[in-house]
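The numbers here are math on the coordinates, done by the rules we state, and not lab data. Predicted model only: the values in this text are computed from it and were never measured. In this analysis, Cβ positions are derived from the backbone assuming ideal geometry, glycine residues included, and neighbour counts consider all displayed protein chains.
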Amino acid sequence: MTVAFALRRSRTLLRTTSYSRCYSTPSTVSILGKKYPIDSTTNVTAAIVDKVGRNLYMDPSHPLGILHSLISSHFHDFNSMTGLPPVVTPAQNFDDLGFPPDHPGRAVTDSYYINRDHLLRTHTSAHEVETFARGERKWLLSADVYRRDEIDASHYPVFHQMEGARVFAAGTAGRAELEADNARLAAHLARSPIVIEDVPHLSPTNPAQPAHDPAHAALVAQNLKLSLNALMLTLFGDRAGAGEGVPLRVRWIEAYFPFTSPSYEVEVFFRGKWLEILGCGVVQQQTLDRANVPDNVSWAFGLGLERIAMILFSIPDIRLFWSQDPRFTSQFTAGQITTFKPYSKYPACYKDVSFWLEQNSAGLHDNDFCDLVRDTVGDLAEDVVLIDSFTHPKTNKSSKCYRVNYCSMDRSLSNDEVNAIHARVVTSLVEKFGVEIR
Ligand code: FA5
Ligand code: MG
């Protein structure tokens, strides 16, 4: 099932012939019926390609689908788009949005490349330019997105985002529309039970763009914040303070994105931690210029559907969204927010793997290890933590130790079974990275 070409480190790579069913021949990868030639950039794994086309957010009785409908009806006068294929070019995903050439998001350690000219979109912003170019002025766009990331309860390599944007004419008419809409939204939010910590619309570290009049940019930023606070009220208003007598806490913080300025992130206090649910900002003017709609200003946001659904439905682990266990799927009904009743928390079983990396090897990125685990054991890994890492002073060899927490969402795993699956992880690690187990 594992795919040797998933690893880009050809020096240490042992090519095997065990290609998965999604690869029609060893030299191509097939996604949604289309074949792509592979090259030295290719790092997409079979476990990831298997997820393409599941479109969980389109199932009306899946928590992601329920949330998707709820947000679409909140923004009822926005055009809500779905179903765009996930394979995009680096130009769409990065260049058109002004990502600098050395931005870490472009790295093969962070993104899933099909080949050097194609990758699985890492965010729904990849479709901004084409959507603005079609003349859309109030729009939502939902899609599956893919990132090489850590393994834990709130991160998954495939998740779903919803992008939203609103375009205003740059002149006085647009300004009047902003002022009227801001007054309407402020009145609507006046009695919100949600505790919201704000940040200034503009600051020296989060400035208006040179192309914008700061007062006008502040109005756009205010409209963005009010629009999203109104969404928060729709989503969480009934639940604010429910049960525990503690009001729901939401905070705005300054952020940075290459394609917006000013930029913000929104976090919600959930299970004792601040959980980031969205990023947003005033769209860089060059994006609108590139889309051939100058003389406009726009805001845009990108939210994580899983993160919000975890809060709304009390879903404790992001892997559950992919579960086909009827004890999960049967709990949800189209159009209803209900509290998930955990059917059981099966015992966790920790296994460590310590190893020496080959001397002078290019190293092993944490995301390489996480992908190897996912590709070998699927969702049986609940989280992965690097617990030790050092370089031997004499031999100069480096050592790492990862702890994998194996825990099924659907059943108890026996110790023998965990030993067997962990042994597969270890074998695969040796085969693909040439490490020496300690
Ligand atoms: C973005 O992806 C930007 N494109 C958002 C944006 C759009 C900014 C438009 C400005 C204008 P970020 O990487 O922070 O930003 O991801 C957005 C949201 O996706 C996060 O807030 C989080 O809710 C969700 N998210 C990110 N990584 C993961 C993950 N691995 N698993 C689940 N959800 C994730
Ligand atoms: Mg973020």
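A few notes on this one:
- Cross-link pairs exceeding 22 Å in C-alpha to C-alpha distance, out of 138/225; 51/400; 351/432; 351/400; 51/341, comprise 51/400; 51/341.
- The calculated FRET efficiency for residue 50 paired with residue 275, based on their beta-carbon distance and R0 = 35 Å, is about 0.80.
- When Rg and the Kirkwood radius Rh are both evaluated on Cα atoms of segment 2-329, their ratio Rg/Rh stands at 0.98.
- Per-pair calculated FRET efficiency, R0 = 25 Å: residue 110 and residue 396 via Cβ, rounded to 0.05: 0.35
- Point-to-point label distance, residue 338-residue 103, nm (Cα→Cβ direction, 7 Å offset): 4.1
- Degrees between helix 366-377 axis and first principal axis of the chain (Cα, 0 to 90, nearest 10): 70
- Potential lengthening of the chain between residue 209 and residue 238 amounts to 6.7 nm, from the contour at 0.36 nm per residue minus the alpha-carbon distance.
- Label point distance in nm, residue 74-residue 177, each placed 7 Å from Cα along Cα→Cβ: 2.2
- Considering only alpha-carbon pairs that sit under 8 angstrom and 6 or more positions apart, the relative contact order computed for the chain is 16 percent.
- Within the listed set 260, 41, 391, the Gaussian network model of the chain (springs between alpha-carbon atoms below 10 Å) gives the highest mean-square fluctuation for 391.
- Rg/Rg_ref, segment 349-437, where Rg_ref = 2.2 N^0.38 Å and atoms are Cα: 1.11
- Once the Cα atoms are used to define both axes, helix 214-236 deviates from the longest principal axis of the chain by about 70 degrees.
- 3J(HN,Hα) along segment 66-78: 4, 5, 4, 5, 4, 5, 4, 6, 4, 8, 5, 9, 9 Hz, from the Karplus curve 6.51 cos²θ - 1.76 cosθ + 1.60 with θ = phi - 60°, whole Hz, x for Gly and Pro.
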